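Nothing in this text is a laboratory measurement; each read-out follows from the coordinates by a stated rule. Bear in mind the structure is a predicted one, so any value in this text is a computation, not a measurement. Cβ coordinates were reconstructed from backbone atoms using ideal geometry, including for glycine residues, and neighbour counts include every protein chain displayed.
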Amino acid sequence: MNRKLRMGMVGGGKDAFIGAIHRIGANMDGLVELVCGALSINPEIAEESGKMLFLPTERNYKTFQEMIEKESKLAEGDRMDFLTIVTPNFAHFAPAMMALEHGFNVVIEKPIAFSLDEAKQLKAKVEETGLLLLLTHTYSGYPMVKQAKQMIKDGVIGKVRKIYVEYPQGWLSKLSEREGNAQAAWRTDPGKSGKSGCMGDIGTHAAHLAEYISGLKITRLCADLNVVVEGRMLDDDGSVLLRFDNGANGVLMASQVAAGEENALKIRLYGELGGLEWRQEEPNTLLVKWLDKPTQILRAGAGYSDRLSSYAIHNSRTPGGHPEGFLEAFGNLYRNFALTLSARMDGTQPTAEALDFPSVDDGIRGMAFIDNVVKSSQSTEKWTEYEV
């Protein structure tokens with residue numbers, strides 16, 4: 001490719017948190033440029049947001065329908081190459097499906113859709129069109145998460161036996177949705193978030209991380225979902241016992257009422273020979289715990305090619321000692337997606353490292369996780385078979 005990829009965006013206007021994060025991530029490597037947008041469901045906010053981002057007037061659209069229709073009629077050298085969707089959950093499916101139907105590749109903030117049925121429809125359309133879909137499960141973009149995945153794949157700690165993954169936050173410890181917090185309002189509204197609150201929002205991240213690093217699939221679970229804050233409509237806390245397809249078992253905990261916690265995602269995986277531990281709040285560090293020798297500390301850094309996997313190095317941006325976090329992880333997802341899309345457009349084969357990003361299949365797994373934990377929590381049976 002002798003040009004940048006052209007991105008359109010639905011949602012993510014002024015005062016929206018995640019839209020700006022996506023734009024930073026997409027722009028980090030100079031491979032992508034924002035060329036058009038329908039940045040809010042409110043036409044006035046959409047127009048004002050587009051002006052703030054210096055979008056051309058004719059490509060600062062009022063609705064996603066208008067944007068997709070008009071962009072599809074532009075010459076191939078001018079139209080957007082892909083559409084990024086950063087709306088609340090209930091507004092993911094329609095723009096994604098319309099974009100795919102009009103020949104545009106898609107990036108979607110997780111979860112992929114409002115329901116498992118919608119996710120399956122998107123998967124069918126992706127398979128029919130052959131287009132690319134990136135699902136931004138952010139934590140899979142961290143270098144040391146990729147290092148852990150490769151170590152398990154290479155059998156460094158032996159067969160995985162046990163997985164603990166926890167994601168405690170404290171920001172919903174009060175009834176913030178009744179106090180003017182817009183982020184809390186839609187995440188706790190069943191009509192906008194879906195059938196689960198906490199488990200749908202951050203429990204899916206924990207489940208994805210467990211499957212991504214281990215290379216295993218959840219086959220059965222036993223869930224207990226709770227509404228801790230009185231007056232809330234969706235779960236804000238929960239725990240899940242897990243069974244995996246190699247016989248391993250695990251525990252997943254997610255809570256948004258763990259007062260005092262910020263974003264304390266943590267995972268521990270134990271095999272026959274040792275264990276691995278990674279924390280999102282200390283993302284450059286991976287602990288390797290050995291059965292018969294002291295704990296080893298691995299650190300992220302672009303200069304550590306003698307001790308880290310090619311996947312970790314590919315996703316490292318700075319020398320050791322320079323923290324790489326949330327924004328860089330987003331940048332890694334977008335860079336891998338962009339490298340893969342550019343290679344396709346050039347008729348070349350992307351590298352295995354570039355192909356390593358969450359896809360529509362991860363979206364299916366995420367929506368299935370939500371359905372299964374809700375079903376299990378409502379059941380009197382101990383174990384619920386994991387249905388996809």
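For the range 106-117, backbone phi angles converted through the Karplus equation (6.51, -1.76, 1.60; θ = phi - 60°) give residue-by-residue couplings of 9, 10, 10, 5, 7, x, 5, 7, 8, 8, 5, 4 Hz, Gly and Pro being listed as x.
Applying D = kT/(6 pi eta Rh) to the chain, where Rh is the Kirkwood radius over alpha-carbon pairs, T corresponds to 4 °C and eta to 1.567 mPa s, the Stokes-Einstein value obtained is 60 µm²/s. For the range 133-147, 3J(HN,Hα) computed residue by residue from phi via the Karplus equation (6.51, -1.76, 1.60; θ = phi - 60°) reads 9, 9, 9, 7, 7, 3, 5, 6, x, 6, x, 7, 5, 5, 4 Hz, glycine and proline entered as x.
The slack between K382 and A182, meaning 0.36 nm per residue of separation minus the straight C-alpha distance, is 68.3 nm. Under a Gaussian network description of the chain, with springs only between Cα atoms under 10 Å, the residue in R187, R220, R307 that fluctuates furthest is R307. The trypsin sites (Lys or Arg not before Pro) found in the range 1-101 that occupy coil by DSSP, while having at most 14 further C-beta atoms within 10 Å, are R3, K73. Distance between the pseudo-spin-label points of F17 and A259 (7 Å out from Cα toward the beta carbon): 2.0 nm. Taking the convex hull of the alpha carbon positions in the range 243-388 and averaging its projected area over all directions gives 12.6 nm².
Can you give the relative contact order of the range 5-131 as a percent, counting alpha carbon pairs under 8 Å and 6+ residues apart?
Numbers: 217 pairs, mean separation 30.1, N = 127.
24 percent.
As a ratio to 2.2 N^0.38 Å, the alpha-carbon radius of gyration for the range 186-266 is 1.14.
If you bin all the Cα-Cα distances of the range 5-131 at 10 Å, starting from zero, the percentages per bin are 14, 48, 33, 5.
Applying the criteria of a DSSP loop state and at most 10 other Cβ atoms within 10 Å to the chymotrypsin sites (Phe, Trp or Tyr not before Pro) of the range 1-79 yields F54. Spin-label model, Q349 to M1: label points 7 Å out along the Cα-to-beta-carbon direction sit 2.1 nm apart. Distant-in-sequence amide contacts of L55, defined by a placed amide H-H separation under 5 Å and a gap of 5 or more residues or a different chain, comprise nothing. Within the shell defined by Cβ-Cβ distances under 12 Å, the residues around N336 carry a net charge of -1, with Lys and Arg each +1 and Asp and Glu each -1. Using C-alpha pairs below 8 Å separated by at least 6 residues, the relative contact order for the range 312-385 is 19 percent.
Say a site is exposed when it is one of the GluC sites (Glu not before Pro), sits in a DSSP loop, and has at most 13 other Cβ atoms within 10 Å; what is then the longest site-free stretch of the chain?
Numbers: sites that count: E76, E179, E230, E262, E272, E281, E381, E387.
Between exposed loop sites, the widest span is 77-178.
Which net charge results when you count Lys and Arg as +1 and Asp and Glu as -1 among the other residues whose beta-carbon is under 13 Å from that of L209? For residues surrounding L209, the net value is +3. Full extension of the chain between I297 and T318 gives 5.7 nm of extra length, using 0.36 nm per residue less the Cα-Cα distance. Rounded to the nearest 20 debye, the dipole size of the range 1-110 about its Cα centre is 160 debye, using +1 on the Cβ of Lys and Arg and -1 on the Cβ of Asp and Glu. Each of F104, P143, A124 was placed along the dipole of the chain (beta-carbon charges, centred on the mean Cα), and the one lying farthest toward the positive end is P143. Tell me, how many Å apart are the Cα centres for the range 302-322 and for the range 61-81? Between the Cα centres of the range 302-322 and the range 61-81 lies a distance of 39 Å.
When a/c is below 1.5 the answer is rounded, else prolate if a/b is larger than b/c, else oblate, so apply that to the range 74-184 with a ≥ b ≥ c taken from the square roots of the Cα gyration tensor eigenvalues. Cα axes put the range 74-184 in the oblate bin. Taking each DSSP H run with n ≥ 4 as -39500 (n - 2.57) and averaging over every residue of the chain yields -10000 deg cm²/dmol at 222 nm.
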